[in-house]
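Shown next, in structure tokens, is the structure this report addresses.
The values are calculated or read from the model by the stated rules, or taken from the named source; none is laboratory data. Note that the structure is a prediction, hence the values are computed from the model and not measured. We place every Cβ from the backbone using ideal geometry, glycine too, and count neighbours over all the protein chains shown. Just so you know, the surface numbers come from the protein's heavy atoms only, side chains and all, with ligands and any DNA or RNA stripped out. Shrake-Rupley method; radii C 1.70, N 1.55, O 1.52, S 1.80 Å.
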Amino acid sequence: MTRLYVVRGRTVLAVLALAAFALAVYAWDGARMPLLPVMGEPEATSEPGGGRAVTVHIVTGEFASRLPDGKEIEAYRWDPGTVVVRKGDRVTLHFHGVNGAKHPFEIRGYNVRGTVEKGKQTTVQFVADRAGTFEIVCLAHPDRAHNGPMVGYLHVLER
Ligand SMILES: [Cu+2]
């Protein structure tokens, strides 16, 4: 009986310690980015005009695997594949080419285009003036038939 009680006591302590740790992480994160209930929201600074300047770094990556019959399959990816900003933000995306020779891309609905090359950085800037979800599509690898889908998502939240 006593033994069981001790084990339970330790379990309660462990749960309390975990909760305290989670709370500390939440508080620290909240202090660093007070506007941020949204997971994955990037670093941002306020702009005089009301919007924020948001900078996100995206790397080109690659998943590769082998099917049971020995056939190789691969998919290029944007990493991170999801960008969350708020309407009115001035957005800077720095693309870094790591996997794949060349990735010509566009952000559909935003008229933003560029090409990412291996070993180079490509930067695009725009104001997120339309709310919604917009695809960041590599035109060379848009779907499974072309070593994709190399598609990311720009989420522009209403302020
Ligand atoms: Cu690509």
Legend entry - the range 85-105, residues that are farther than 21 Å from Phe63 by Cβ, of a type outside the set (D, E, K, R), out of contact with any Ser or Thr (no Cβ under 9 Å at 6 or more places or on another chain) and open to solvent by 10 Å² or more (accessible area, probe 1.4 Å): Gly88
Legend entry - Failed condition for Gly70, given (1) away from the ligand (no atom under 11 Å from the Cβ); (2) touching a Phe, Trp or Tyr at 6+ places or on another chain (Cβ under 8 Å): (2)
Inset, instruction - Could you tell me whether any residue of the range 132-140 is part of a loop (DSSP other than H, G, I, E, B), under 28 Å from Ala53 (Cβ atoms) and touching a residue at least 40 places away in the same chain (Cβ under 8 Å)? - result: no
Inset, instruction - Select from the range 106-153 the residues that are touching a Ser or Thr at 6+ places or on another chain (Cβ under 7 Å) and either open to solvent by less than 60 Å² (accessible area, probe 1.4 Å) or near the ligand (Cβ under 10 Å from one of its atoms) (or both) and list them in ascending order. - result: Gly114, Thr115, Val116, Thr122, Gly152
